Structure formats: C-alpha cells, structure tokens
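Read the structure below first, then the notes.
The values are calculated or read from the model by the stated rules, or taken from the named source; none is laboratory data. The structure presented is a predicted model; accordingly, all values stated were derived computationally and were not measured. Note that each Cβ is placed from the backbone with ideal geometry, even for glycine, and that neighbours are counted across all protein chains shown.
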Amino acid sequence: MSQYSELKRVLQAQLPWHGARISFLALFLLALLKVKTVNLSDLCLGFGGRALSQSSYKRLQRFFREFELDYSQLASLIVSWMQIPPGWVLSLDRTTWKFGNHWYNILTRGDCA
C-alpha cells in the first residue's frame, strides 16, 4: 500500500470529511514532508501526479481560502496518532525569531500533565 493510500485510510477513519477533502489533506501532508516548506509555490511541486503545478497551486489556494479547520477535530486526530493517555494535554506553540538576516519559524509540540 502506498503512503498516500495508507494516510488516506487513516484520515478517513478519524475525520468526518468527504473524500475530496481527505484526498487533498493526504496529498498536502505528504507534500509538506517532501518539500519541507510551507511556500505554496514549492508545495504544489510536491503533489506529483499528472496535474500541472498551476492546477495544484490553485487547489491549495482554494482549500485555504474556503475551508475552515475544526481545531478540536485536528487535536483529536493528533492525540490519537500520538497515543497520548488520558489526563495529558497537548500544547502547540508557533513562533518566529530573527537572528541576523535569517528568520526562523519554530513549531513546538509539548505534552503537559
């Protein structure tokens, strides 16, 4: 089973979204891991397939423009994947620091008792 198929199967079990959204999310997550950037122009290249990069770019734009993410569903998904036992709280922090001329975008995940 391909990474895409496996990820799509796991996402379908956890999220009450229709198939097109699940397919997009699976492609998006795999593209993030491939290109290691959140720049949409670069991300669309990580989608692969036969679609033109401009088509993937527009698909990314439409998703982020129109879709409202339910953060409680996202948190439940992450907790189930991480197998965090009850009584623990998941914390996320995102910050941007500048050192010299370089910007560092840092996302930190923590488990709190």
Could you grab me the full set of residues in the range 77-113 that are within 20 Å of residue 36 (Cα to Cα), of a type outside the set (S, T, N, Q), surrounded by 10 or more Cβ atoms within 10 Å (Cβ to Cβ) and in contact with a Lys or Arg (Cβ under 9 Å, 6 or more places away or on another chain)?
-> 78, 92
Test residue 63 against the criterion of being under 21 Å from residue 5 (Cα atoms), of a type outside the set (A, V, I, L, M) and either modelled with pLDDT of 85 or more or in contact with a strand residue (DSSP E or B) (Cβ under 9 Å, 6 or more places away or on another chain) (or both), and give yes or no.
-> yes
Conditions (1) at negative phi; (2) part of a loop (DSSP other than H, G, I, E, B): number failed by residue 56 | (2)
Which one of these does residue 74 not meet: (1) within 14 Å of the chain's Cα centre (by Cα); (2) at pLDDT 85 or above?
-> (2)
What are the pairs, 6+ residues apart or on separate chains, where a residue within the range 51-73 that is of a type outside the set (S, T, N, Q) has its Cβ under 9 Å from a residue that is assigned to a loop (DSSP other than H, G, I, E, B)?
-> 59/51; 70/15
Tell me which residues, restricted to the range 41-53, are in a helix (DSSP H, G or I), hydrophobic (A, V, I, L, M, F, W, C) and surrounded by fewer than 17 Cβ atoms within 10 Å (Cβ to Cβ).
-> 45
How many residues are free of Cβ contacts under 8 Å to residues at least 60 places away in the same chain and within 15 Å of residue 80 (Cβ to Cβ) if we restrict to the range 12-23?
-> 3
